[in-house]
Amino acid sequence: MLGRNIGVDLGTASVIIYAEGRGIVLSEPSVVAYNTKTGRMCAVGKKAYDMLGRNPDSIRVVCPMKDGVVSDFTATRQMLSRFLARVCGNAIFKPNIIVCMPSSVTSLERRTVLDIVTAAGAGKACLMEEPLAAAIGAGSEITQATGTMVVDIGGGTTDIAVITLGSIAVSKSIKVAGNLFDESIVRQVRREKDVVIGLRTAEEIKKQIGCAVLREAEIGLTVKGKRYTSGMPATVEVTSTDCFLAMREHIETIGEAVRSVLEITPPELVGDIGTSGIVLTGGGAMLNEMSEAITRKTGIKTRLATDPQNCVAKGIGLALGDLDMLSEQGYIFKTREEITGYIEN
């Protein structure tokens, strides 16, 4: 195929782009800012993310992806167009793009994403399931006749899949992941400390002192917000125990989802997983002791992949190096005319 081969991890929290022969060339938040008077896009990615919670009425900040799927068609297309222009520059031929999505998306959602990607500048595009790409990026040997379980905890969804012979045998996707962790911390601080904090502050709390298993030695972090009752500025200390109590229910939900997938997995594959263990990928998997929480819930040794946040993008990159294997597994690149069924004038 003519044109560059590019992989896109189109996530709820961030967009990561892998270019064949160059590696990861872009990693930006999935955020777009618009001027409300003109309706024109004024910032995208990190610049737009920095405006979250601080934007005036003249600027509208949009997160176009929600729970792993497109919630704003136009904003997603414009965001991707800007990112692809950065990566491809003045390339003569349009790029061929693989996009990763949760394994549970509907046929309509798949077609929508392909339509957006081709409208944003791709010559041809195809979709790949996130857990499959994550397993490849984590270094798992997925082409053998053995079972591999990967749990990809992103911003909007957690994807759980058992992979064998290069395909997904059993999978499940739940809308419990990093963004929900942040929201639960906001609620906990408001309820217990009478202080309102923003989602960006909650994310920092999660990264610095958050934990999936209660810490033996409690640690704290001082953050700023506003008093819930009076609206005045306030400074409060949030502890690791506060974070654990806020997120405990969601961590339990993820553990139960992993167990439910194991329950419907064929016994031979479960035996393989018992030997090789479970692999955690995604930004949400970086929560302190998340692997230990899954181990306690399932009784199966769980490990955090190397560079978990970029596993999906790296997996797409490795897949791009073997396009014949992709076609054998049914991953077919299509033009926009083939996707939408019509030719634009």
| What is the residue count in region 263-288 for residues that are of a type in the set (A, V, I, L, M, F, W, C), open to solvent by less than 40 Å² (accessible area, probe 1.4 Å), closer than 30 Å to I185 by Cβ and assigned to a helix (DSSP H, G or I)? | 1
| Counting just the residues of region 146-170 that are in a strand (DSSP E or B) and open to solvent by 30 Å² or more (accessible area, probe 1.4 Å), which one comes out farthest from G317 (Cα to Cα)? | A169
| task | Evaluate region 118-131: report whether one residue or more is outside any loop (DSSP other than H, G, I, E, B), of a type in the set (D, E), within 30 Å of E203 (Cα to Cα) and in contact with a helix residue (DSSP H, G or I) (Cβ under 8 Å, 6 or more places away or on another chain). | result | yes
| Among the residues of region 225-257, which ones are among the charged types (D, E, K, R) and in a helix (DSSP H, G or I)? | D242, R248, E249, E252, E256
| task | Return the residue satisfying two criteria in turn: it lies in region 49-75 and is part of a loop (DSSP other than H, G, I, E, B) and within 18 Å of G154 (Cα to Cα), and of such residues it is farthest from the chain's Cα centre (by Cα). | result | S71
| request: Can you tell me which residue among S260, S173 is under 28 Å from G68 (Cα atoms), open to solvent by less than 40 Å² (accessible area, probe 1.4 Å), in a helix (DSSP H, G or I) and hydroxyl-bearing (S, T, Y)? | output: S260
| query | Of T112, T158, T118, which residue is of a type in the set (S, T, Y) and over 24 Å from Q78 (Cβ atoms)? | reply | T158
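So that you can scan it fast, the table gives a plain yes or no per residue for (1) in a loop (DSSP other than H, G, I, E, B); (2) surrounded by 17 or more Cβ atoms within 10 Å (Cβ to Cβ); (3) without any contact (Cβ under 8 Å) to a residue 40 or more places away in the chain:
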position	(1), (2), (3)
K47	no, no, yes
R77	no, yes, no
L80	no, yes, no
F83	no, yes, no
K94	yes, yes, no
| task | Kindly establish whether T143 is surrounded by 20 or more Cβ atoms within 10 Å (Cβ to Cβ) and more than 27 Å from N288 (Cβ to Cβ). | result | no
| said: Any residue at all in region 98-117 that's of a type in the set (G, A, S) and within 30 Å of G277 (Cα to Cα)? | reply: yes
| Taking the condition open to solvent by 50 Å² or more (accessible area, probe 1.4 Å), over 21 Å from the mean Cα position of the chain (by Cα) and within 16 Å of E292 (Cβ to Cβ), does E192 pass? | no
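The values are calculated or read from the model by the stated rules, or taken from the named source; none is laboratory data. Keep in mind it's a predicted model, so treat the numbers as computed, not measured. Here Cβ is always computed from backbone atoms with ideal geometry, including for glycine, and neighbour counts include all displayed protein chains. Note: areas computed on protein heavy atoms with side chains; ligands, DNA, RNA excluded. Shrake-Rupley method; radii C 1.70, N 1.55, O 1.52, S 1.80 Å.
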